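Below is one structure, written out as structure tokens; comments come after it.
The values are calculated or read from the model by the stated rules, or taken from the named source; none is laboratory data. None of the values given here were measured: they were computed from a predicted structure. Backbone-built Cβ (ideal geometry, glycine too); neighbour counts: all protein chains shown. To get the accessible areas, we keep the full protein, side chains included, count just its heavy atoms, and leave off ligands, DNA and RNA. Shrake-Rupley method; radii C 1.70, N 1.55, O 1.52, S 1.80 Å.
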Amino acid sequence: MTTDPSAQSLVNATAGEATGSPGSSGRDAGASIWRVAARRLRRNPGAVLGGVIVLVFVLVALLAPVLAAYGPEALPGRTEIRPTYIPGPSAEYPLGLDRYGGDLLSKLIWGARASLLIGVLSTLLGLLGGALLGLLAGAFGGWVDSATMRLVDLMLSVPSLLLAVSIAAVIGQSSTAVIIAIGVVQVPIFARLLRGTMLSQRGQDYVLAARSLGLSRRTVTMSHVLPNSLGPVIVQATLMLATAVIEAAALSFLGLGGGSPTTPEWGRMLTAAQNELEVAARLALLPGACIAVTALGFTLFGEALREALDPKTRKR
């Protein structure tokens with residue numbers, strides 16, 4: 001069935017208004033929700049700090065071949081290592097050496113790349129899988145919704161770390177196993193969020209207007225309901241990146257990330273440093289600090305983005 005273009009424009013305008021805040025200031029009137037959010041983020045100190053941390057982390061990961069003085073598996077100081085002595089910071093090795101003779105600074109830089117790769121890929125996997133399940137449940141309803149949500153509830157009934165460990169152990173010890181394990185754990189979170197948001201959007205005035213104008217259910221869902229439901233999902237993806245970095249380090253710490261002891265990955269570096277705390281505590285403190293600061297950056301930025309996009313909680 002064809003519809004009048006002017007009627008379609010009316011529906012689009014109504015849909016855009018549905019995402020706005022009735023209490024928005026005059027300065028925000030007429031601006032898109034993302035433009036308003038960007039303006040609010042620039043005025044939020046937490047968002048700025050989180051954004052700077054995330055930007056530094058991403059740049060270090062992408063520029064690792066340029067920033068790192070040595071390769072990821074290089075052991076330039078292996079002849080200087082003694083059973084009870086690990087050389088500390090020096091002009092050649094700014095953060096000292098690790099137990100195997102690798103440059104600690106270079107290892108941390110290469111570890112940022114490994115953590116970024118695992119975090120982004122696992123979150124994308126969880127987002128795609130969760131969006132598919134959430135879309136099925138939110139669009140069709142009925143028995144499809146019930147069956148999908150029972151599957152999601154079953155996945156949520158198992159503790160996330162235990163589920164990730166089980167999946168990684170079954171698949172095998174490798175970075176791919178860690179990515180799949182973390183992604184599967186995130187699927188039910190995204191699924192429930194998108195489904196709930198779509199159900200709330202289906203009761204909005206613009207949906208009723210679109211249906212009254214003769215638009216098909218598929219068109220209303222894909223062109224109006226789904227786009228207006230993605231904001232909270234995008235915010236959650238930002239927050240899940242922090243969780244992915246922590247869980248990747250945890251799985252590597254448990255020995256499920258594969259690779260050799262000299263492979264540069266923050267969680268594996270923590271594992272290798274367990275027996276070196278009395279000799280060189282920095283071998284555990286520095287990778288742990290990198291994990292904590294990176295997770296903090298994603299969390300600060302994600303929370304600020306949630307506040308900026310949510311009309312009920314964002315500051316005026």
query: Is there a residue in segment 111-120 that is more than 23 Å from the chain's Cα centre (by Cα), open to solvent by 50 Å² or more (accessible area, probe 1.4 Å) and among the charged types (D, E, K, R)?
result: no
field: Top-ranked residue in segment 247-259 [being buried (at least 20 other Cβ atoms within 10 Å of the Cβ) and of a type in the set (A, V, I, L, M); ranked as nearest to the chain's Cα centre (by Cα)]
entry: Ala248
- request: Just name the residue that is farthest from Gly126 (Cα to Cα) out of those in segment 180-204 that are among the aliphatic types (A, V, I, L, M) and surrounded by 24 or more Cβ atoms within 10 Å (Cβ to Cβ).
  value: Leu194
field: Positions within segment 136-154 being open to solvent by 40 Å² or more (accessible area, probe 1.4 Å) and under 17 Å from Val207 (Cβ atoms), in sequence order
entry: Phe140
Residue list for segment 169-206, filter: part of a helix (DSSP H, G or I), more than 17 Å from the chain's Cα centre (by Cα) and over 30 Å from Gly267 (Cα atoms): Arg195, Gly196, Thr197, Met198, Leu199, Ser200, Gln201, Asp205, Tyr206
field: Selected residue [more than 22 Å from Gln236 (Cα to Cα), among the hydrophobic types (A, V, I, L, M, F, W, C) and exposed (fewer than 13 other Cβ atoms within 10 Å of the Cβ)] from Leu59, Leu75
entry: Leu59
Pick from segment 199-252, criterion among the polar types (S, T, N, Q) and under 18 Å from Leu305 (Cα atoms), ranking: modelled with the lowest pLDDT: Asn228
task: For segment 222-244, indicate whether the set of residues that are more than 24 Å from the chain's Cα centre (by Cα), buried (at least 22 other Cβ atoms within 10 Å of the Cβ) and within 25 Å of Met149 (Cα to Cα) is non-empty.
output: yes
field: Hits in segment 207-221 - residues which are closer than 17 Å to Ala139 by Cβ and over 27 Å from the mean Cα position of the chain (by Cα)
entry: Val207, Leu208, Ala210, Arg211, Leu215, Ser216, Arg217, Arg218, Thr219, Val220
field: Test for Leu132: is it aliphatic (A, V, I, L, M) and surrounded by fewer than 17 Cβ atoms within 10 Å (Cβ to Cβ)
entry: yes
query: If you go through segment 158-179 one residue at a time, how many are open to solvent by less than 60 Å² (accessible area, probe 1.4 Å), closer than 19 Å to Leu121 by Cβ and among the hydrophobic types (A, V, I, L, M, F, W, C)?
result: 8
- request: Tell me, yes or no, whether segment 260-272 has at least one residue that is open to solvent by 10 Å² or more (accessible area, probe 1.4 Å), more than 24 Å from Ile182 (Cα to Cα), at pLDDT below 85 and assigned to a helix (DSSP H, G or I).
  value: no
task: Identify all residues within segment 46-98 that are without any contact (Cβ under 8 Å) to a residue 60 or more places away in the chain and in a strand (DSSP E or B); write none if there are none.
output: Arg82, Leu97
